Structure formats: structure tokens, C-alpha cells
Amino acid sequence: MTVLEAVLGDITKVAVDGIVNAANSGLLGGGGVDGAIHRAAGPGLLAECRDIARRLGGCPAGEAVVSAGYNLPCKKVIHTVGPVWRGGGAGEPERLGSCYRKSLLLAREEGLETVAFPNISTGVYGYPKDLAAETAVRAVKAALPEVPEITRVVFVCFDMENYRLYQNLLENR
Ligand code: ADP
């Protein structure tokens, strides 16, 4: 059975095979968790993301691409693009759920067994934290049968509000 857990902390320090980045569609780095991941990984990550962006023309919301981990402790970084919150009627839950599902499918393809997610879209993109957490946990649980090799999924929360939300949701699983 796959273990789902919430931790409070910095995703660049978590000991897992792959971490997920809440990237923007240009894949060229940004603030928040994206900035922290690029700083910790070093310049090789930006160079590879530039290459991916050139090849694929970026990454639309709800999709995911993979790169190496460079100076990070993980093997791979999965870059997914969360939706910007526009009130909830513009397909935000489907896109956010898709970020989690596609990231797990890509992790499996890459042979990763342990994966850490940040709270995608809940920073600059303005997604209400409670709604985002529900969608994240639901989407991960729904995808688990498709990714049986994944043994551990960690929701890395950077603030107490998110941490409490995830703890509550995961207690009731
Ligand atoms: P988005 O544009 O998807 O909203 P942000 O990076 O602004 O992305 O925020 C996503 C979440 O990542 C927020 O909850 C933010 O607090 C959190 N975050 C910021 N830095 C880190 C970090 N180093 N590790 C884990 N989470 C982080």
C-alpha cells in the first residue's frame, strides 16, 4: 500500500526520488517554490528547462515534464503547471487534479518510487488552500491504482494552514 503523508518544511530538503515543482508555463523559473528549487538545483536545471521549453514550447496548465535533479538530493524534478485561480468555474479543479495525476504517471515512467509535492497553485496562483488540498488528495488517491510502484507520496506544506488541512484530510483516508 502506498503511504500518503503530510510534512511541514522545504521541499528541496526532502529525501525522495523525485520532487514536483509548481512551475509556470514558460518553465524558465519564477518565485515561490519554483525559485527555491532552481536555487537549490543550480544552473543546470534552468539550462535543461530552457531546452525542454524550446522543444515543447513550454508546458500548459495541468501537464507535467521531467528533468534531472542536479544539486538537489532527488534524482528527478517533475515540473507541472498549476491553474491560476479565477473563481473556480474555469476548469481549475480539473487542471489541478491533472497536475497531481500526470506528475505521478511521469514519476512512474521514470522509475521513481517516492515523490514529494508542494501545495500547487496555493501561492501566487491564488487557489484557496482548503479546496486545493481536497483536490490534491482526491486526485492522488484516484491515481494510485495506475502507479502501483510508487510507495510513498509526501505533501510538503510550507505553512501551518496547509499542514493542518493535509493532516486532517489524510487522517480520514
Ligand atoms: P503557484 O504559482 O503554483 O501558486 P507558489 O510557488 O507561489 O506556486 O506557491 C505554491 C506553494 O508552494 C505555496 O503554498 C508556497 O507557500 C509553497 N512553497 C514556497 N516555497 C516552498 C518550498 N521551498 N518548499 C515547499 N513549498 C514551498
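Quick note: the coordinates plus some simple rules give every number you see, no bench work behind them. Nothing here was measured: the structure is a model prediction, and the numbers come from that model. A quick note on method: Cβ atoms are made from the backbone with ideal geometry, for glycine too, and the neighbour counts reach across all protein chains shown.
Tabulated data for the structure shown
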read-out	value
In region 149-173, residue surrounded by the fewest Cβ atoms within 10 Å (Cβ to Cβ) [restricted to those that are under 16 Å from the mean Cα position of the chain (by Cα) and more than 9 Å from residue 8 (Cα to Cα)]	152
Of all residues making up region 65-99, the number that are in contact (Cβ under 8 Å) with a residue 60 or more places away in the chain and among the aromatic types (Phe, Trp, Tyr)	0
Residue under evaluation residue 58, criteria (1) more than 19 Å from residue 124 (Cβ to Cβ); (2) over 16 Å from the mean Cα position of the chain (by Cα), criterion not met	(1)
Condition met for residue 46 (assigned to a loop (DSSP other than H, G, I, E, B), aliphatic (A, V, I, L, M) and crowded, with 16+ Cβ neighbours inside 10 Å)	no
Long-range neighbours under 7 Å by Cβ, at least six apart or interchain, first residue touching a residue at least 40 places away in the same chain (Cβ under 8 Å) within region 1-24, second near the ligand (Cβ under 8 Å from one of its atoms) and in a loop (DSSP other than H, G, I, E, B)	11/118; 20/118; 22/82; 22/118; 22/120; 22/121; 24/30
Residue check, residue 74 within 11 Å of the ligand (Cβ to nearest atom), in contact with a strand residue (DSSP E or B) (Cβ under 6 Å, 6 or more places away or on another chain), under 29 Å from residue 169 (Cα atoms) and not aliphatic (A, V, I, L, M)	no
Residue list for region 49-71, filter: in a helix (DSSP H, G or I) and among the hydrophobic types (A, V, I, L, M, F, W, C)	49, 52, 53, 56
Unique residue being in a loop (DSSP other than H, G, I, E, B) and within 15 Å of the ligand (Cβ to nearest atom) when the list is 111, 123, 89	123
Candidates 138, 101, filtered to the one that is touching an Asp or Glu at 6+ places or on another chain (Cβ under 9 Å) and basic (Lys, Arg)	101
Candidate set from region 108-148 (those that are without any contact (Cβ under 8 Å) to a residue 60 or more places away in the chain, closer than 20 Å to residue 16 by Cα and charged (D, E, K, R)); member that is surrounded by the most Cβ atoms within 10 Å (Cβ to Cβ)	108
From the options 157, 99, residue that is hydrophobic (A, V, I, L, M, F, W, C), in contact with a Ser or Thr (Cβ under 7 Å, 6 or more places away or on another chain) and closer than 15 Å to residue 33 by Cβ	99
Members of region 135-148 found to be outside any helix (DSSP H, G or I) and within 16 Å of residue 102 (Cβ to Cβ), listed by number	147
